[in-house]
Structures are given as C-alpha cells and as structure tokens.
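Worksheet for the structure shown next.
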Amino acid sequence: MTGFALGVDQEEWCGQLRALAAERLRPLAEKGEPGRVNRPLLAALGELGLLERVFASGALELCLLRESLAYGCTEAETALALQGLGAYPVLRAGSEEQRERWLPGVRAGRVVAAFALSEPGAGSDAAALALSATADPAVDPAAGGGWRLSGEKCWISNAPEADFYTVFARTGEGPGAKGVSAFLVPADRPGLSGAPLDMLSPHPIGSLTFDGVPVGPRDLLGEPGRGFRVAMDTLNLFRPSVGAFAVGMARAALDATLAYTAERTAFGGTLSDLQAVAHRVAEMATRTEAARLLVYAAAGAYDRGAGDVPRRAAMAKLLATETAQYVVDHAVQLHGAVALQRGHLLEHLYREVRAPRIYEGASEVQRTIIAKELYAGVVTR
C-alpha cells in the first residue's frame, strides 16, 4: 500500500471477496436465525480459509477482509470478526497447550469463540470490572490452587452459545487495570450460565453469569494482573478493523444510493438531477473516502509497529463509525419509504450501523483516548 492507495492485487482480492460474500455467504446468512450463532456460516468461512487469514494477516489485510465482507454480507463479516476478537487473546497471550487445543477449531469454524469484557456496570470504563476471581487452593491443588469467578458479564457477542470465552476478571494484584487477569473459560465449566439478549442488531449477543466458576493457572492467558494489557492489545488491532466494517457498510449504502437516484424519476427528471440530492451524495462519498483513508492509515501504523497506534486506532474507529451512521441515514432519506421495508438492504444496514458506535469503546471513549494521547505529548511548564 503506497500513499494509502491499494495495489492491483489487493483491489482484485477485495472484488473477489465482495462477490464471494454476496454469492456464497449471504444465502447462508439468510438461512440463519437473527440473534443466534450461525454455525453453517462459520463453517463456510473456515472452509474458504477466511478465518485462517484473520490470524495469519496483519491489520491492513484484516481491514480489507472486513470491509469487503461487510459490503456483501454483514453477517459473514461479523461472524468472522467475533471469532477473531474472541480468539486473538489466545493467539497473543495463550500457552502452547491452549493454542493447540482451541485455535484449530476456531480457524475451521467448528469452535465458537467470544470476548467477555463488558459488564452491567463496566462498559466504557473497562478498568472498573467487578467480576471477581477469588483465590481457592482447592480448585487445582496440583498447580498450587486457582480461582473462582463470581459475577456477571453483559452484551457479550456470541454468548451464550460460544464454546469458550476469553474472560477478564479482577484478581486484585493492584488497583484498577493493574488487578485484572485474563482467563480462557470453556463453556461447560460448572457454575457458568447465560441468556440471549434481544438487541436491535441481528448479531448473537447475551449475558453470562459466573457462580463460583473454577479456573486454574492453566486457564490463565498471560500473567496474573496483566489481563488488561491483553484486552487493550486485542482492541488496538480490532478497532481500526471495526472502522473497516463501518466503511464497508457506508460504501454499500453509497453505491445503492447512486444507483437509485440515477434512475428514480421525480419532478421531470431523475433524483440525481436535483442539486440538493447530488450535493448530499457528494458529501456522503467524500466522508466515506476520508474515513477509509484514516482506517488504512491506522492499520498501516499498527503493522509498522508505530508508537501512536492507540491514537490512530481510536481516530479510525471514531470517524468511520460516525461516518457510516451519517451515510446510511442519508441513504435511507434519499430512498424514501422503500428503504424502510423489511428485507431492504438499507433497512438492514440501518439496524446494523448503530452498534459499532458503541461496542469496543463508544465514540465518547475514542475521543477521550485521542485527547489523552495528544496531551501526553505536550510539554508543560
């Protein structure tokens, strides 16, 4: 990628992904039940090698993958992204035993992963986690003891149907973020239960209840008290790609609007002949392109190992998700009542586009991160 322009091979690959999403994956998505894990869709993502690429690629390729799939099938994009989000901590911080046991199934689409960070009282303020991990020598005496998890998680994607959860709990090595540890918790652990939540977006989202769930040292992801860093490392990779998901939706809405307004007749011509319409479409296109450039700039910074990744990632997610909301909303307005019908592309996107402004750090949180990073570089007298 030079000067934020994609190469010919990358453009061709993105085109192939868009076609694949529309022709192969969308039919599977349409057969799924809203709010439930679509295992046939996940299996297809595995068979096509797309889940493998989530773990084998850098941030740039992940963004290209998510944007292209989102353009053709948002359900496929989300299924792929949730697998990556739930399993990336295992890849990054897990033991060899954990990686060998769980990741092959995730890559094949047979094992469903979930990222369990948010709680009823700790959404945007992730360092305020209350899920407790209480030391208990009886949990794993051979390994020197373990912990019992007690509390709740909420708004967890793929819950309660996931096969394992990356869970962040308070082990108390220090205050705030310093006392959080990460655990790999299989879904069949005693004391773990969950329930689905009926949400606006069609993704599988639920709550989890931990009633003394036993976890031992072999379930740790990384070191005790270092779990918050595991979470942030994961989010720094996936935040720009959330922006790519948003850009994919914005581009789909924009293309649909261009086609519709160029053909729809009104007031003696087409809608595109009206300056008010043409100017609005121009604004939609400009904002989408700006967001796309910022997303890929952040992805490039991540792949280069730049020191300003948190700021760039936050900027990319903020601008792209806010832009997608703007573009989809105006696309609906320009289409009129037809876009409000169930099953219309824009009706679907209108429900899909709202959630990314909240999850993985709401827009307000992204602004806080950006400001903090900016002021960290200011020398005061």
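No lab work stands behind these numbers, since they all come straight from the coordinates. Note that the structure is predicted; figures quoted are calculated from it, not measured. Note that each Cβ is placed from the backbone with ideal geometry, even for glycine, and that neighbours are counted across all protein chains shown.
How long are the three semi-axes of the equivalent ellipsoid for the chain, computed from the Cα gyration tensor as the root of 5 times each eigenvalue, in whole Å, largest first? Intermediate values should be presented prior to the final figure.
Details: eigenvalues 285, 105, 72 Å².
Over the Cα atoms of the chain, the ellipsoid semi-axes are 38, 23, 19 Å.
When N counts the residues of segment 73-128, how does its alpha-carbon radius of gyration compare numerically with 2.2 N^0.38 Å, as a ratio? It would help to have the intermediate numbers written out before the result.
Values: Rg = 13.1 Å, N = 56, 2.2 N^0.38 = 10.2 Å.
This ratio for segment 73-128 stands at 1.29.
Need one number: convex hull volume per residue for segment 113-225, Cα atoms only, in Å³. Numbers along the way, then the final one.
Working: hull volume 10.2 nm³, N = 113.
Cα-based convex hull of segment 113-225, divided per residue, equals 90 Å³.
So how far apart, in nm, are the two label points at Leu6 and Met232 if each is 7 Å from Cα heading toward Cβ?
3.2 nm
For segment 8-108, compute Rh as the Kirkwood radius over C-alpha pairs and then the Stokes-Einstein diffusion coefficient at 37 °C and 0.692 mPa s; write the answer in µm²/s, rounded to an integer.
On the way: Rh = 13.8 Å.
So the translational diffusion coefficient is about 237 µm²/s.
Kindly provide the helix-only [θ] at 222 nm of the chain, computed as the sum of -39,500 (n - 2.57) over DSSP H runs of four or more divided by all residues, to the nearest 500 deg cm²/dmol?
Details: 12 runs with 198 residues, N = 381.
Result for the chain: -17500 deg cm²/dmol, rounded to the nearest 500.
Between Arg367 and Lys31, what is the label-to-label distance in nm when each label sits 7 Å out along the Cα-to-Cβ direction?
A separation of 4.5 nm, rounded to one decimal place.
Sorted from fewest to most neighbouring beta carbons within 10 Å, what does the list Thr288, Thr134, Thr321 look like?
Ordered by Cβ neighbours within 10 Å, fewest first: Thr134, Thr288, Thr321.
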